[in-house]
Amino acid sequence: MLTGCNQESAAEKKPDVFVPSLPTPPPRPPAYLGDTLELDRIGDSRVAVTVRDVINPATVPNGREPDKTYIAVELSIKNIGRLTITGDANNNVSVVGTDEQTYPSSLATVSNCTNFLYGQFVLAPQSATTGCVAFALPTGVSPTQVRYSPSSGISIDVGVWTL
């Protein structure tokens, strides 16, 4: 609405909003089971992640939810940076199902493999660890992708493995 001498009213003025542009992660070829992807974390650190296996179904000894199929993703994480890093694989890893939904870790314990230290890892430069992250998918849904989002998803880089 215009008031007096063709000026905008205070209600029509909108403040300028700064929208930062984030760098685009580098394009990479498709990755599959057994492939290693080098991913950027926050703080100028990097990891090399390998999805080694998908255990489907995985055995949950306690607390199994009805109408769920449990799977476990076994992966290796190597610190390829110069500083010691910490992380949580339970926050970093997700799976996409045949229903096109993304599933976070179920935090379940499976008897097929070990979940790092409850998801946590601490890696000195050039050291590596291997562990599993468990997921509860609805019965009838199978995993189609594994995604690794470094730094609990804060990093813009995401590794994707097609199963």
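The values are calculated or read from the model by the stated rules, or taken from the named source; none is laboratory data. Values in this document were obtained by computation on a predicted structure and should not be read as measured data. Because the Cβ atoms are built from the backbone with ideal geometry, glycine has one as well, and the counts that use them run over all protein chains shown.
For the structure I just gave you, tell me whether Leu83 is without any contact (Cβ under 8 Å) to a residue 40 or more places away in the chain and surrounded by fewer than 19 Cβ atoms within 10 Å (Cβ to Cβ). For Leu83, the condition - without any contact (Cβ under 8 Å) to a residue 40 or more places away in the chain and surrounded by fewer than 19 Cβ atoms within 10 Å (Cβ to Cβ) - is not met. Residues of segment 1-56 that are surrounded by 10 or more Cβ atoms within 10 Å (Cβ to Cβ) and modelled with pLDDT under 60: Thr3, Gln7, Glu8, Ser9. Taking into account only those residues within segment 119-163 that are more than 14 Å from Ser45 (Cα to Cα) and among the hydroxyl-bearing types (Ser, Thr, Tyr), which is farthest from the chain's Cα centre (by Cα)? The residue in question is Thr139.
For segment 116-132, state whether one or more residues are modelled with pLDDT under 95, loosely packed, with under 14 Cβ neighbours inside 10 Å and over 22 Å from Leu37 (Cβ atoms). Yes, some residue in segment 116-132 is modelled with pLDDT under 95, loosely packed, with under 14 Cβ neighbours inside 10 Å and over 22 Å from Leu37 (Cβ atoms). When the strands (runs of 3 or more DSSP E) confined to segment 61-100 are screened for residues that are polar (S, T, N, Q), those reaching at least 3 such residues are found at 68-79.
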